[in-house]
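The values are calculated or read from the model by the stated rules, or taken from the named source; none is laboratory data. These numbers were taken from a predicted model, which means no experiment stands behind them. Because the Cβ atoms are built from the backbone with ideal geometry, glycine has one as well, and the counts that use them run over all protein chains shown. Quick note on the areas: whole protein, heavy atoms, side chains included, nothing else; ligands and nucleic acids left out. Shrake-Rupley method; radii C 1.70, N 1.55, O 1.52, S 1.80 Å.
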Amino acid sequence: MKIISVVGARPNFMKIAPFIRSIEEYNKSANDKITHILVHTGQHYDDRMSKLFFEELNIPEADINLGIGSGSHSEQVGYTMIEFEKVMLLEKPDWVVVVGDVNATLACSVAAKKLNIKCCHIEAGLRSGDMTMPEEINRLVTDRLCDLLLTPDKLSGQNLKAEGVSDKKIGFVGNIMIDTLDANYNKAAKLTFSQIIENNALHPNHIQIESEKYAVMTLHRPSNVDNKDILEPMLNFLIDEVGAEMPLIWPIHPRTAKQLEVFGLWEKVKNAKSLVLLHPLGYFEMLRLNMNAKIMLTDSGGLQEECTVLGTPCLTMRWNTERPVTLKEHGGVSVLVGNNINRLKEEFIVAMKLNRFPVRPELWDGQTADRCLKAILGYKE
Ligand code: UD1
């Protein structure tokens, strides 16, 4: 069997690493070995957004890099389809495996199905219901097309069934990101706060970080960072109110860094004494900070999930989530606060009083990748 796996952007790397490991393990004893080809579309290309994750997570260098780079959504999707089609025509895979919800996920599943190649989506069935979110379009199209839909939780399976997907296409496998978290927890735990800050400082700041006495924030969604009227009040809250309680460690995504410049907010951020401004962090570093943060403020989907397993109180700076299993009402640790400052304030006060409360949704057990591979090998049309 020949499988092509696809990655494109940062959140894909921690999902593909355990899957590749499962293939390697399988090949050690199988008579009929799997030929695996890793394709990187090149959507994320900076060392800190890509190469570092390959190194840390021991992902073999991509066999093929499509070099797509930055661009509008249609540019990224269109160029990826064109280049990926060439790869498939040459390699003739039995399966294409896509993960997550980035532009690579959409582009490569469409291109694969146009060539009538079987396609498997790992992390299928997540729905935010928000069609202004590019990722929601990617999820819907990918799941509509794929032959095998491997879901992280029961709610995702219900979403697919409600859309009319037949049971035999759906496999409940658990959350593959948690395989990566479990596999790397001990390595990450060895890092010190001072190492992380020294190695990644974007702007010098001599704040000392103490365990359980710091907040971490990540912010990159266009809905939060592409509009000054939304971004500026949030910054004021973060600097004046979160910063008054404890240092706020903020690894800044390239999109956000660009927007801070464009909106003339960079000086304000740099001068804020309580902000620890960092470059985008590696996987271990982020995991280390998450382990002992008093609170996480984020608009990332993956961090909501990691906070759930680590028990870090999480304010999700979005109005909806495709990952409801992480929310308090479903037993998780995260609350949706959108970008409404009053709501942020209220929930910040509540979260500050909370203790860590780790939760493991069903099958978030570190064994998901093996179940994914088993589902592919056992697939019957
Ligand atoms: C993408 C994903 C999003 C994911 C996020 C994690 C889609 C639709 N979005 O959004 O789901 O949560 O990655 O990071 O696929 N840039 C760099 N260096 C890089 C990559 C990007 O400077 O290595 C710049 C780009 O030029 C662009 C901005 O960052 O201006 C955004 O990059 P892009 O890949 O378009 O989307 P993300 O916002 O990162």
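For LYS273, a cut-off of 29 angstrom between C-alpha atoms picks up these lysines, skipping any fewer than 8 places away in its own chain: LYS190, LYS213, LYS228, LYS258, LYS294, LYS345, LYS353. For region 258-327, the set of trypsin sites (Lys or Arg not before Pro) satisfying both a DSSP loop assignment and a count of at most 13 other C-beta atoms within 10 Å is given as LYS273. Among GLY264, GLY42, GLY311, which one moves the most in a GNM of the chain with springs linking Cα atoms closer than 10 Å? Maximum fluctuation in the GNM of the chain, among the listed residues, is at GLY264. With every protein chain in place and a 1.4 angstrom probe, the accessible-area ranking of ASP143, ASP32, largest first, reads ASP32, ASP143. Sequence-distant contacts, meaning Cα pairs under 8 Å at least 6 residues apart, place the relative contact order of the chain at 16 percent. As a fraction of the 1.4 Å probe accessible area of region 186-352, surface on carbon and sulfur atoms comes out at 50 percent. Summing Cβ point charges (Lys, Arg +1; Asp, Glu -1) relative to the Cα centre of region 186-352 gives a dipole of roughly 240 debye. From the residues GLY378, ALA112, SER22, which one has its Cα farthest along the dipole of the chain in the positive direction, the dipole being from +1 and -1 charges on Cβ of Lys/Arg and Asp/Glu about the Cα centre? Of the options given, the answer is GLY378.
Rounded to the nearest 20 debye, the dipole size of the chain about its Cα centre is 380 debye, using +1 on the Cβ of Lys and Arg and -1 on the Cβ of Asp and Glu. Computed over the chain with a Gaussian network model linking Cα atoms closer than 10 Å, the most mobile of ASP299, ASP370, ASP47 is ASP47. Picking from PRO222, VAL165, ILE249, whose Cα lies most toward the positive end of the charge dipole for the chain (charges on Cβ: Lys, Arg +1; Asp, Glu -1)? So the residue furthest toward the plus end is VAL165. Applying D = kT/(6 pi eta Rh) to region 186-352, where Rh is the Kirkwood radius over alpha-carbon pairs, T corresponds to 20 °C and eta to 1.002 mPa s, the Stokes-Einstein value obtained is 135 µm²/s.
When the chain is treated as a Gaussian network with alpha carbon springs shorter than 10 Å, the biggest mean-square fluctuation among GLY164, GLY69, GLY129 belongs to GLY164. Every helix of 4 or more DSSP H residues in the chain counts as -39500 (n - 2.57), and over all residues that averages to -13500 deg cm²/dmol at 222 nm.
Scalar couplings 3J(HN,Hα) for region 67-77, obtained by applying the Karplus form with A = 6.51, B = -1.76, C = 1.60 to θ = phi - 60°, are x, 6, x, 7, x, 5, 4, 5, 4, 4, 5 Hz; x denotes Gly and Pro.
Could you state the accessible area per residue of region 186-352 in Å², with a 1.4 Å probe and every protein chain left in place? Intermediate results must be reported in sequence, preceding the final value.
Working: 6430 Å² over 167 residues.
I get 39 Å² per residue for this part.
What percent do you get for the relative contact order of region 2-122 when only Cα pairs under 8 Å and 6+ apart count? Walk me through the numbers before you get to the answer.
Working: 200 pairs, mean separation 38.4, N = 121.
Relative contact order, region 2-122: 32 percent.
Cross-link reach is defined here as a Cα-Cα straight distance under 24 Å, omitting same-chain residues fewer than 8 places apart; for LYS92 the lysines meeting it are LYS2, LYS15, LYS28, LYS33, LYS113, LYS114, LYS118, LYS169, LYS374, LYS380.
ARG360 exposes around 120 Å² of accessible area when a 1.4 Å probe is run over every protein chain in place.
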